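A quick write-up on the structure given underneath.
The values are calculated or read from the model by the stated rules, or taken from the named source; none is laboratory data. Everything numeric in this text was worked out from a predicted model, so none of it was measured. Neighbour counts are summed over all protein chains in view; Cβ atoms, including those assigned to glycine, are modelled from backbone coordinates with ideal geometry.
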Amino acid sequence: MKKILLNSLLIVTGVIFLFNACDSPTNWELANSHKELLRVSTIFTAQDVRDKLSSESGLHSAIMWCKEAGITRVFIETFRGYTAEREVLTNAKERFDKAGIEASGCVTTVNFGKPSTGWSLVSCYTNEETRKELVRVFEYTASIFDLIMIDDFLFTDCECKDCLEACGEQSLSDYRRDLMNMISREYILKPAREVTM
């Protein structure tokens with residue numbers, strides 16, 4: 001069963017100092033032995049995947065940095081306005097997993113579909129092309145990872161003509177709430193869970 005984390009908070013670099021104070025065993029061994037109590041995670045953006053994890057030396061450096069920092073899980077982003085290449089993603093996932101660092105997926109829902117009339121990084125989710133692109137991104141990600149975190153850009157502030165018409169008699173805030181609930185169920189969770197790896 002695929003798992004999707006919506007708007008999750010990660011414990012990242014600040015906690016690493018806790019492990020850096022220990023000399024023996026290594027930070028990663030200490031963190032890994034207590035990961036049922038505290039999981040220390042970091043993220044590699046889709047652009048990091050392209051620029052750093054696509055080469056053998058970059059991937060090796062990333063794994064070594066994670067071990068030195070006591071990282072027990074990495075989120076490898078498939079999409080942030082750019083779709084990372086499948087071969088690079090699957091290789092990175094396999095290498096992190098082999099190194100004992102749990103590798104999960106991540107999607108940052110920015111710069112796709114129809115831009116919002118508000119903050120242009122986010123999308124108009126009333127728009128059908130935006131919805132199709134959302135399905136594509138989550139099916140793609142779910143075909144590689146069992147666990148997917150959604151970065152905190154999953155919202156809309158759009159007030160385009162289509163949104164205002166679809167809103168009808170509802171308040172705009174009620175429409176957006178209902179819209180994003182439906183989007184999460186029908187265009188993220190449902191297609192992602194239907195994908196078999």
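Can you confirm whether Leu38 is assigned to a loop (DSSP other than H, G, I, E, B), among the aliphatic types (A, V, I, L, M) and under 17 Å from the mean Cα position of the chain (by Cα)? Let's see the steps before the verdict.
On the way: assigned to a loop (DSSP other than H, G, I, E, B): yes; among the aliphatic types (A, V, I, L, M): yes; under 17 Å from the mean Cα position of the chain (by Cα): no.
In short, no.
With the checklist (1) surrounded by fewer than 12 Cβ atoms within 10 Å (Cβ to Cβ); (2) modelled with pLDDT under 95; (3) over 27 Å from Ile188 (Cα atoms) in hand, flag the one item Leu30 doesn't pass.
So the condition that Leu30 fails would be (1).
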